[in-house]
Every structure is written in C-alpha cells, then in structure tokens.
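Student: There's a structure below that I have some questions on.
Derivation of every value follows stated rules applied to the coordinates shown; laboratory data play no part. What you see is a predicted model; the values in this text were computed from it and never measured. Here the Cβ is made from the backbone with ideal geometry for all residues, glycine too, and neighbour counts use every protein chain on show.
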Amino acid sequence: MTDQSPPIADFQLITRAGDEAGQKTTYGIPLAVLAELTHRCPLQCPYCSNPLEMEVASAELTTAEWCRVMDELAEIGVLQIHFSGGEPAVRKDLVDLVRHATQVGLYSNLITSAVMLTKARLQDLADAGLCHVQISVQGSESIVADRVGRFKNGHVKKLQVAAWTREVGLPLTINAVMHRQNLHQLPEIIDMAVALDADRLEVANVQYYGWALKNREALIPTFAQVETTNQIVAEAQDRLAGILDIDYVVPDYYAQRPKQCMGGWGRQFFNISPSGKVLPCHAAESITGMEFDSVRGNKSIRWIWDNSEAFNKYRGTGWMPEPCQSCELKEVDFGGCRCQAFALTGSAGNTDPACAKSDLHAQIFARATTESAEAQDRFIYRNFAGGAVEAEEL
Ligand code: FES
C-alpha cells in the first residue's frame, strides 16, 4: 500500500456485522474495499506493505477490468473504494477509474505518496468525484523523510500536494508510519498535520511482515520510545480534540494483547491485488501454501468472499488452537494477526506471538529489545529486484 504499512488502519473501516443463519454465521460483504491498482511506486520505503515478490505492470488489471470489478462491487453492496498501491498515481487511467467509481456510486479515497501528483491532476480527480485524499509522510523534514522513502525532494513535494488537496476542497488524512528512526519527530509531525489543515492523522507504528520484517533490525523501536510515543499521542489526542482526529496503531511486539488484525480474518475486509487476486488482507500472500481466487477467474467476488478456502480458513473462532480457543477475548481480537503468526512461528494457524498468552511472547519481546539496542540502521530498500541495501549516502 504505497509506502505505508498496515492498511487496516489506513482508512475508516465501515463494516456490516455478521448475521445468524441457522447454525452458521455468515459475514456480510464489507462496505469498503482496498483496490491495490499497482505495485509500482517511485518511493522505496523499507516497510512497504506490498509483498516481497511484487506484481509487474504487465500483470495489472486493465482499465476495463477494474471498471468491471467496480460494477460488481457496487452491485453486491460495497460503498467505499480505497485506491492504493504501490503508488496509484502511476496508473495513467487513475482519473478514469475514479470517475467510474463515482458513476457506480462508490465513495472513493486515494491513498498516495503524493509525489506524482500535480495540482491540475488533483483538480481532475476532484472533478471526477474523488472524495478523500490520504498522504503518507516519512518524517517531519526532508533529511529523515527523503532518506526513508529514498526519494529526493519527496517531503517538500508531499507538503505541496497536501496544500493543493485542501485548495481543491478535498478532505485530507496524513498517514505517518513510525519506527525507531523517525519516532523522535512525532511531535513535529503532529504539528505539521495541524498546519496542513488535515482532518485526521494516523500514527501507525510499523507492523513486521514482508519488507518491514526484512528491515526489522533497522526499524524496531526501543521500549522507551514506545512508552514516550504513547504519552505523546495521548496528550495530543486530548489537546487537539475537535481539531485533528488522531488514530494510533501500536507496535505489537511490545503489547500484551494482539491487535484485532483486519477486524478478524474474513470478517470485515478484503483487498484486490494489482492482478486481481481477492485477498483477506494485504499481506496474505506472505502465507505460503494458500491459494487465492482472482476476479479474472469464473467466480464472483461474492462467491469468493462467502465460499473460498482462503477466506474461510481462519474465519470466526473454530480454527483457533489453545490458548486462544478458551480465551475470553477470542471474539475481541480474533486471534490477532495470521500473517504475523506465520512470519514468527511458521504456521498461520498458531497463536499470534504478540499475545502475552503465547509461549513465544517473551522471546519476541526480548528479540525486539535486543534488535532495537543494536543500532543496525541501514535499510534494505523495496524494489522489484528483491531489495537494495542502503549505501553510505543517499
Ligand atoms: Fe494481519 Fe494479514 S496482516 S492477518
């Protein structure tokens, strides 16, 4: 998802509750879908949520295919589409896609790194019916931010595009992905979001799968940083109530309880990959051995949501092992993150080690403490060649 981390918190999820049908719980189609238009991106953030093996341009859904997908989404009751990537603005048909979303009645949000947008293109997007813009930032000033994204003058461009967003009358969210090497700038990032007249700021600590897992030693914060961040966010939420909404995604290696990832697997969320795979979460392809149906196949999106093996595998609570199965909070966190369980234990069906009830939790906590103290700061930048180790100088 562009140069950002966890999409579940990147936008306001609106969902329908599951309803009872006899003995079987069914899950209403989510009201919002994440459309990853491309994995191409001019930035190379070391925590990108795209898979390590990214889909090339020739594999991407065409304009006509995306329009057909949007027709189907609208028909089955989806109300919001979040255009993401990679960088969605690399698609030359972005304005056409937004216009089609508008025509079929979908609320559209653009999740962007911003560096490829001009004021004229933003105006075209607004005229096509775009409803909201979400811009990611990598720091509060160019030295840190441009290094993280490996894109010269990117930070300045983002500030310009944020100002244009408000000038063309669109609501703005700033998404700040935080880690050990930029957490010291959080107070300035909060001030920056206010100065940019943003409606919402998302302070999202990096979640460790995919590219971020590859870069964990360079990104993971110290426990002291996390405690300070908690205080800064709580104080700012109080002080800025009514001015700026601040959402906060904590780094769960240091947590006691796992996050309710994706609102629970197959309960509230799906995304569509650049080549049309329908995924229970943005990182699902990191779980090896799972098959995912595509909108290019002969099954409808509704069928895939209701019936596909991938969506049903970790849905509900029946799949859970102990200690999850007898945990009183199993319907609160739904077992945490399946991708993280796979990354840290080798099986997506295990308890997420972010949970203090996991046998592995103390080990994960200790590993985070050790890695954050080792100060290995060089990034492995995201690219289609499997990554590029940061040189001494940008
Ligand atoms: Fe948490 Fe995939 S990222 S379930």
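Student: Peptides 43-51, 27-35, 62-70: what's the order by average Cβ count within 10 Å, highest mean first? List each step's numbers first, then the result.
Tutor: Numbers: 43-51: 25.3, 27-35: 20.8, 62-70: 17.0.
Top to bottom by mean Cβ count within 10 Å: 43-51, 27-35, 62-70.
Student: Mind checking which of 362, 176, 120 has the largest fluctuation in a GNM of the chain, springs on alpha carbons under 10 Å?
Tutor: Greatest mean-square fluctuation among the candidates belongs to 120.
Student: Pick out, from 168, 148, 282, the residue whose Cα sits farthest towards the positive end of the charge dipole of the chain, with +1 on the Cβ of Lys and Arg and -1 on the Cβ of Asp and Glu.
Tutor: Toward the positive end, the furthest listed residue is 282.
Student: If you don't mind, there's one more thing I want to ask. How would you rank 218-226, 368-376, highest first, on the average number of other Cβ atoms within 10 Å across their residues? Provide the component values of the computation, followed by the final result.
Tutor: Values: 218-226: 20.3, 368-376: 14.7.
By packing density, highest mean first, the sequence is 218-226, 368-376.
Student: Over region 188-331, what is the percentage of antiparallel beta bridges among all DSSP beta bridges, to the nearest 5?
Tutor: On the way: 3 of 8 bridges.
Of all bridge pairs located within region 188-331, approximately 40 percent are antiparallel.
Student: Another one. Please list 136-148, 205-217, 311-323 highest first by mean number of surrounding beta-carbon atoms within 10 Å per residue. Please report the intermediate quantities before stating the final value.
Tutor: Values: 136-148: 21.0, 205-217: 24.5, 311-323: 16.1.
Going by the mean number of other Cβ atoms within 10 Å, highest first, we get 205-217, 136-148, 311-323.
Student: What is the fewest-to-most order of 295, 389, 56 by other Cβ atoms lying within 10 Å of their Cβ? Before the final figure, lay out the partial values.
Tutor: Numbers: 295 21, 389 8, 56 12.
Fewest-to-most Cβ neighbours within 10 Å comes out as 389, 56, 295.
Student: Moving on. I want to check the label-to-label distance for residue 62 and residue 79. Put each point 7 Å from Cα in the C-beta direction and report it in nm to one decimal.
Tutor: 3.4 nm
Student: Considering only DSSP beta bridges with both partners in the chain, what is the antiparallel share in %, to the nearest 5?
Tutor: Here the share of antiparallel DSSP bridges comes out near 20 percent.
Student: From the cross-link list 214/277; 214/330; 119/158; 277/313; 259/357, which pairs have alpha carbons spaced over 20 Å apart?
Tutor: Values: 214/277 24 Å; 214/330 30 Å; 119/158 12 Å; 277/313 17 Å; 259/357 14 Å.
214/277; 214/330, as the Cα separations exceed 20 Å there.
Student: With unit charges on the beta carbon (Lys/Arg positive, Asp/Glu negative), name the residue among 193, 353, 79 whose Cα is farthest towards the positive pole of the charge dipole of the chain.
Tutor: Of the listed residues, the answer is 79.
Student: For the chain, calculate the relative contact order in percent as a whole number, restricting contacts to Cα pairs under 8 Å that are 6 or more residues apart. The partial results should precede the final answer.
Tutor: Values: 811 pairs, mean separation 71.2, N = 394.
Across the chain, relative contact order equals 18 percent.
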